[in-house]
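Visitor: My structure is below; once you've seen it, I'll send some questions.
The values are calculated or read from the model by the stated rules, or taken from the named source; none is laboratory data. The model shown is predicted, which means the values in this text are computed figures rather than measured ones. Counting neighbours? That spans all protein chains shown, and the Cβs are built from the backbone with ideal geometry, glycine included. Heavy atoms of the whole protein, side chains included, go into the accessibility calculation; ligands, DNA and RNA do not. Shrake-Rupley method; radii C 1.70, N 1.55, O 1.52, S 1.80 Å.
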Amino acid sequence: MPTDHQPPLHPMPNSPQTVVVVNDSLAQCKLLVDLLRKEGLQALGFESAEQALPAMQADKPDLIVTDLYMPGLDGWRFCRLLRSPEYRAFNQTPILVISATFSGEETERLTTETGASAFLALPQDIRHFRDTVTAMLQGSFRASQPRVLLVEDGTTLANLLKRTFEAHGYLADTALTACEAVDMFQSKAYDVAVIDYHLPDGHGDDLLEDFGRSSPNCVCLMMTSDPQPGLALDCMKKGAAAYLRKPFAPEYAVEVCAKARRERTLLRVEDRLEQRTRELRESMEKYGELFETAPVGIFQTHPDGRFLSVNPELARLAGYDTPSTMIAEITDIARQLYVRPQEREELKTRLSRRGHVLHHEVEWKRCDGQRFWVSLNVREKKDRDGQATYNGFLTDITALKEAEAERQKLEAQLRHAHKMEAVGTLAGGIAHDFNNLLQGISGYAQLLLARKPSESPDFKGLNHIQQACERAKSLIRQMLAFSRKMESDSHPMDLNQEILETHKLLTQTIPRMIEIEMGLSGDLWPVHADPVQIQQTLLNLCGNAADAMPDGGRLSIETCNARFEQERAFTFFKIPPGDYVQLSISDTGMGMSEEVRQKVFDPFFTTKEAGKGTGLGLASVYGIVKSLNGYILCSSSEGAGSTFSIYLPALVGHKLSEDVQSAQTHPEGGLETILVVDDEEALREITQEALEEFGYTVLHASSGEEALALYTKRGLEIDLVLLDLNMPGMGGLKCMRELLTRDPDIRILIASGYTAHGHVRDVLYAGAKGFIAKPYKLRELAAKVRETLKG
């Protein structure tokens, strides 16, 4: 039983809160995702709302961060969709809209119109973004609700529209008369008004004009059943944003309202942009004011290294209280500002040659020594005497440089991931060819073994060949499992047995100055796992332990049963009560610091030098343990070795099935006719010879085309087709489909060197009756043939 003093459990992915980021700009999406992950959040990035929705439905996020302008489903419609009855699960999920198009008072209106919880205008400083996200996750922001006034004398339609708008997140009020509508409009602030033209006490266009005068920001829509064509034109001239002709679906009215509000917002933005353009033109005429208030650093310098003038922003960036202080204290710009002084001389040389320099990036240092990056735009100006001065401005690009460095780091990780994917693809191709070769070697060895008495001098050698083929088959499975080209094959298993099998491999690969100690419990409960994944886990953990003991040491592998009567709490985690099998791997190596231990399961994190570590070993171990619903803990300190403890759910009371070799000693044969289709001549011959020994009549073909021709002539005789997939010409899959077209009841058994489960499912869904992976034992083939014929 484990003691109460357990090492901290590494946090599982479901512990942090989840944030979904939707942005069609890949660079912005990566930047936001990385910022959120640095805050300890689980951030998922998507380039479109269409990609995000299925993932959100599978795992509901705690916060949604979305762009506004996106192809396909844009931010407006995405937000309204999340507030609709069809997506009721997300009606209260906080939404943060981020856009570079809007700012100022428009952001408050957009927050209401989209149904979002908050709005941030880009560019935005990182701290404000983090603070906003934190506040939203703590529940400080609530989704805003637009208010709509429905003016309709028909009670049925009015109530129907009210229910529909409320279902889409609106606060809806109804008025049956013009007089009642006026009173309500004066008492509340409405974002939208939907007005019927014919009212008992007046016309709706009078209300339209009245509402437009008293509240210009309210979006007004007219509706009527009157078919007069000029009526719509008159209403639009009087300020209606849209015109609805009855009858119409209530949902259509909601969509028209949303569209009209978006258009109204864009018009307001265009007006504001024109206004700001005029203001900027006027401010540019006032150079003095611009110089003092500009948000960029403006300067004039002398070639000898003195400042002639600086504006307040530049003084602030350099860490000085006032421009005059900066001018007085800096007498050598290269020495006092530049991190690399020679770069100013290089800048002067470029200015003398070209007269100007644009976007010149250099690293400066503030008066307190803190470094920052600036982008310089400088022009050389000469007076009548030929004396030069440098006029220019600069911007602080420190955040951009840091983001670029982080992007390059992420790109390097992505290239590494692509490399691993390429290795996996190569592994899949090699596995197919190797499996075919192994099938020929193993098949002939099995036939010869069956014909030799055990006392024959050749029997032992043939048996070694067969055992070598089995080891090669296992090695290929390990390679495919590592490259994730083979899905897990979990089943009840004895963990001790797999450890003993792996121990044989460890004794051959781990340096001999490392002593391996085994402490395996004799009454260990079974677990539900994939032996290949368990072996991969053991090899990764033991390999890392060996690397931590370059001068030798002791590696311990221990197992025991663990029963938790109560929930066990660790630093980051809780293990629920239950029965577990504990696997512990310890070493007497150099250990690790707390900082390293906290990152030990992070993908791509490695303390090994370049070329000796991928940073994926422990990450894959963590993923395997998680996929088995288990837990993994790491305990370590510098100079005191490390211990990895794994807890896997136990199958208490489950009895492992005995080896059924005896049942397969003499598989049942038959008298049916089998068509063997394989482009490898050796495989056709060995398969034919083996099946004939079990009593079958065998026909063979070397290609899909030959198989179809033979089936056309002798299809009535053929009871089963044993078909390879990877063949020249039409290939096995197309041949199978053609055979099924001719005879939907035909029995087809696929035999292939491809072993990925997804590939198996594809051919079974296409109509195959069974699948057997190469290399196989001939008795396994006979049993599978018999099973397929009976099925």
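Visitor: Order Leu671, Leu437, Leu63, most accessible first, counting only protein heavy atoms with a 1.4 angstrom probe.
Guide: Leu671, Leu437, Leu63
Visitor: Roughly how many Å² of Ile746 are accessible to a 1.4 Å probe, to the nearest 10?
Guide: Only protein atoms counted, so the area is about 10 Å².
Visitor: Also, quick follow-up: Under 23 Å between alpha carbons, and skipping anything fewer than 8 positions from Lys60 in its own chain: which lysines qualify?
Guide: Within the straight-line limit of under 23 Å, Lys60 reaches these lysines: Lys30, Lys38, Lys574, Lys626.
Visitor: What distance in nm separates the two pseudo spin-label positions at Glu693 and Ser352, each 7 Å out from Cα along the beta-carbon direction?
Guide: For the pair Glu693/Ser352, the computed spacing is 9.1 nm.
Visitor: Calculate the FRET efficiency for Asp743 and Leu81 from the Cβ-Cβ distance with a Förster distance of 45 Å, rounded to the nearest 0.05.
Guide: The computed FRET efficiency comes out at 0.40.
Visitor: With a 1.4 Å probe and all protein chains in place, put Phe248, Phe307 in order of accessible area, largest first.
Guide: The residues order as Phe248, Phe307, largest area first.
Visitor: Per 0.36 nm of contour for each residue apart, how much would the distance between Glu411 and Asp551 grow if the chain were fully extended, relative to their Cα-Cα spacing?
Guide: Contour length minus the Cα-Cα distance gives 46.8 nm.
Visitor: Under the 0.36 nm per residue contour assumption, what length would be gained going from the current alpha-carbon distance of Ala58 and Met730 to full extension?
Guide: Separation in residues times 0.36 nm, less the Cα-Cα distance, equals 237.9 nm.
Visitor: So how much slack lies between Ser215 and His491, counting 0.36 nm per residue of separation and subtracting their Cα-Cα distance, in nm?
Guide: 92.4 nm
Visitor: Quick check: at a probe of 1.4 Å, how many percent of the accessible area of segment 664-790 sits on carbon and sulfur atoms?
Guide: 48 percent
Visitor: Let me know the shape class of segment 18-138, please: from the alpha-carbon gyration tensor, a ≥ b ≥ c as square roots of the eigenvalues, rounded when a/c is under 1.5, otherwise prolate if a/b is greater than b/c, or oblate.
Guide: The shape class here is rounded.
Visitor: For a quick check of your reading of the filter: which trypsin sites (Lys or Arg not before Pro) in segment 633-732 sit in a DSSP loop and have no more than 11 other Cβ atoms within 10 Å?
Guide: Qualifying residues, ordered by number: Lys655.
Visitor: Sticking with this structure for a sec: Students sometimes get this wrong: rank Asp724, Asp153 by accessible area, probe 1.4 Å, all chains present, largest first.
Guide: Asp153, Asp724
Visitor: Taking the full set of protein chains and a 1.4 angstrom probe, give the accessible area of Lys60 in square angstrom, rounded to the nearest 10.
Guide: Its accessible surface works out to 110 Å², give or take rounding.
Visitor: While we're looking at this one, here's another question. Enumerate the lysines that Lys784 could reach by cross-link, defined here as Cα to Cα under 23 Å, with residues fewer than 8 away along the same chain left out.
Guide: Once the sequence-local lysines are set aside, what remains near Lys784 is Lys473, Lys734, Lys769, Lys774.
Visitor: Under 27 Å from the Cα of Lys259, which lysines turn up, not counting those fewer than eight places away in the same chain?
Guide: Cα-Cα hits under 27 Å: Lys162, Lys188, Lys237, Lys238, Lys246.
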